1. Among the residues in the range 218-239, are any surrounded by 16 or more Cβ atoms within 10 Å (Cβ to Cβ), part of a helix (DSSP H, G or I) and modelled with pLDDT of 90 or more?
2. Scan (1) farther than 24 Å from residue 218 by Cα; (2) surrounded by fewer than 17 Cβ atoms within 10 Å (Cβ to Cβ); (3) not basic (Lys, Arg) for the single condition residue 118 breaks and write down its number.
3. Working only within the range 350-378, note down all residues that are surrounded by 13 or more Cβ atoms within 10 Å (Cβ to Cβ) and more than 25 Å from the chain's Cα centre (by Cα).
4. Does residue 397 qualify as being of a type outside the set (Phe, Trp, Tyr), part of a helix (DSSP H, G or I) and modelled with pLDDT under 90?
5. Under 7 Å between Cβ atoms, which residue pairs at least 6 apart in sequence (or on different chains) link something in the range 14-32 that is assigned by TED's automatic domain parsing to the domain that holds residue 341 and more than 15 Å from residue 369 (Cβ to Cβ) with a partner that is at pLDDT 85 or above and surrounded by 15 or more Cβ atoms within 10 Å (Cβ to Cβ)?
6. Go through the range 125-153 and give me each residue that's within 16 Å of residue 189 (Cα to Cα), in a loop (DSSP other than H, G, I, E, B) and modelled with pLDDT of 90 or more.
7. What are the residue pairs meeting all of these: first residue in the range 115-143, first residue without any contact (Cβ under 8 Å) to a residue 12 or more places away in the chain, second residue surrounded by 20 or more Cβ atoms within 10 Å (Cβ to Cβ), Cβ atoms under 7 Å, and 6 or more apart or on different chains?
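The values are calculated or read from the model by the stated rules, or taken from the named source; none is laboratory data. In this text, all values refer to a predicted model and were calculated from it rather than measured experimentally. We place every Cβ from the backbone using ideal geometry, glycine too, and count neighbours over all the protein chains shown.
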Amino acid sequence: MLMHMFKIIWNRKKSNSLIIAEIAIAFIVVFSIATLGIRNYNLYVEPLGFEYQNMWNVSFYDVGDKWQDERDQQQLRQLINLLKQQPEIEKVQLLENPTFRNWLRKTSYEIDGKSIRFIRNQMDDDAPLTFGMKLLNGRWFGPQDKGQNYDPVIVNRQFAEEFFPGEDLIGRSITRNETEEDASLKEQRIVGIFENFRQQGEFYKRTPYVIYRYDITEPKGSEIHNIELKMISSTTKAYEEKLQKILKNAAPNWDFKVSYWKDIRQISLQETIIPSIGLAIIGTFLIIMVAMGLFGVLWQNVSSRTQEIGLRRALGATAKSIHIQIISELLIVTMLGITIALILLIQLPILGVFQELTWVLFWSGQAVSILFMLLLSVLCAYYPGKLATAFSPAEALHYE
């Protein structure tokens with residue numbers, strides 16, 4: 001029976017080749033949408049690594065002048081002390097690169113012949129606890145780090161697993177290999193490992209991440225332009241006007257912008273979701289066009305095969321077997337189109353065209369796409385197949 005269907009498909013190779021091409025193109029579109037959807041879903045359900053509720057960001061910049069360590073750090077310390085006295089504010093922290101924005105500092109160098117790449121940030125001592133980060137091993141920054149002959153750092157689990165799998169990293173130095181230029185570098189010593197800190201938001205994958213301690217009492221020549229405020233739960237956005245007055249009175253030479261972590265997160269989500277919805281809409285219209293094409297071609301094929309189907313009925317074929325044959329023929333054509341598309345798509349992970357397209361994601365997208373295309377084929381073939389079962393032996397004899 002299977003060989004018979006292959007012969008039928010081969011005899012109509014001209015029309016079937018067009019169907020196969022349509023299916024291959026549709027499969028690639030479905031694969032793109034499915035893979036993007038699976039990737040975004042997997043990232044979205046993964047823990048973010050910090051809390052954003054009741055968190056406000058205050059970014060500030062000098063008006064006209066450049067940052068001056070002695071003057072501006074003194075002013076920043078006074079401003080922080082003033083903010084801590086406000087009853088509406090629960091915690092005041094410093095963070096170099098704020099959350100839900102593409103403000104990243106990337107670092108790469110070599111350690112013991114091993115190349116490492118990571119994203120870096122700076123926080124003050126209590127920031128990890130205020131942000132709700134989860135400690136896995138070691139400790140957070142603390143007063144014991146002040147005045148040491150090393151710079152304490154904390155790293156995320158991804159950093160530990162990717163670069164030093166199976167090692168106990170607490171107390172390990174990750175200072176880059178010394179050269180003449182690096183000889184004066186201070187040791188960077190790991191004091192803690194945390195679960196995660198996906199700074200850019202839910203739709204960004206976990207990457208190796210290193211956080212350095214920021215101590216405002218020790219001038220380092222490093223500028224911090226973000227104050228993170230954890231507000232008490234009853235504080236509303238109406239408090240922003242009062243906050244702006246407090247900030248401007250304390251530092252008239254700075255410009256301030258107040259934003260809310262929750263709102264910035266929403267914007268970040270929309271920047272990913274809206275283009276994905278647009279792609280899905282375009283893909284849906286393409287799939288509808290392909291489905292209409294398949295339906296029309298099958299209808300025409302069934303109509304042109306009245307004699308064949310009627311004779312099969314005269315020879316004893318049941319309506320059910322005719323129906324199954326029509327659907328099976330389209331499923332075979334569909335699998336041929338999928339095979340062609342698969343040969344093209346498998347080059348992507350092999351050649352590493354897209355870094356985030358792992359083999360797990362690739363095969364997950366393939367599985368979803370294959371099931372979708374087979375279901376679409378069955379739906380498109382169902383009614384024309386049902387129409388074929390209405391042909392009687394008398395109609396075949398009429399054509400004879």
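1. yes
2. (2)
3. Correct list: 374, 376, 377, 378.
4. yes
5. What qualifies is 20/336; 20/337; 20/340.
6. 125, 139, 140, 141, 142
7. If the second residue must be surrounded by 20 or more Cβ atoms within 10 Å (Cβ to Cβ), the pairs left are 129/140.
Per-residue answers, yes or no, for (1) in contact with a Ser or Thr (Cβ under 9 Å, 6 or more places away or on another chain); (2) outside any helix (DSSP H, G or I); (3) over 22 Å from residue 211 (Cβ atoms):
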{"site": "67", "(1), (2), (3)": "no, yes, no"}
{"site": "74", "(1), (2), (3)": "no, no, yes"}
{"site": "78", "(1), (2), (3)": "no, no, yes"}
{"site": "119", "(1), (2), (3)": "yes, yes, no"}
